[in-house]
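> Before we start, here is the structure in question, set down as structure tokens.
The values are calculated or read from the model by the stated rules, or taken from the named source; none is laboratory data. Predicted model only: the values in this text are computed from it and were never measured. Cβ placement follows ideal geometry from the backbone for every residue including glycine, while neighbour counts extend to all protein chains displayed.
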Amino acid sequence: MYFVRTTDADEFAQVKEEINFKIMEIVRRNESDFAYPSTSIYIEKNPNLLPDDWKGGFGLLIMIAIISSFLDNIAAAMIGGAIAMVVFNGKVHIGYIAAIVAASNAGGAGSVVGDTTTTMMWIDGVAAADVTHAYAASITAILIFLGYSCYSTT
């Protein structure tokens, strides 16, 4: 712990930075380092869950839509994209990425959990039946993007 006798915020930050860099220098000079908390997740490919053909791709889109119903749409799309890159060995077509985004929006279309816009609609009194067309449009988009990504060449 240290004390810096100043009322100037810039001077305080500069002195604090100098002290921290000096501490780092001393630690490294003594052949040591700092530990940083981190977590690594390794996803193994399981062909029983997601086959390599179009059924695996479609299954992943359905899973993303389900995840998106209780997570934020962007989070679901990011998780889905990361899983797709692992499962399909980095060979993910841009059309399939668009299908992942469509699936994440499809799942969250009528859910009030994790989606601010939908929550605001429910608070305003919009009935659940009033958003069923959002599901129809989202499912259509998933099917179009899936078809495009399955039958187009890279």
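> Tally up the residues in the stretch 8-30 that are at pLDDT 90 or above and either touching a Cys at 6+ places or on another chain (Cβ under 9 Å) or assigned to a loop (DSSP other than H, G, I, E, B) (or both), please.
Summing the residues that are at pLDDT 90 or above and either touching a Cys at 6+ places or on another chain (Cβ under 9 Å) or assigned to a loop (DSSP other than H, G, I, E, B) (or both) in the stretch 8-30 gives 1.
> Taking helices (runs of 4 or more DSSP H) that fall entirely within the stretch 58-138, which contain at least 2 residues that are farther than 21 Å from S40 by Cα and modelled with pLDDT of 85 or more? Give the derivation first.
Values: elements: 73-87, 94-107, 116-123.
Filter on the stretch 58-138 gives 94-107.
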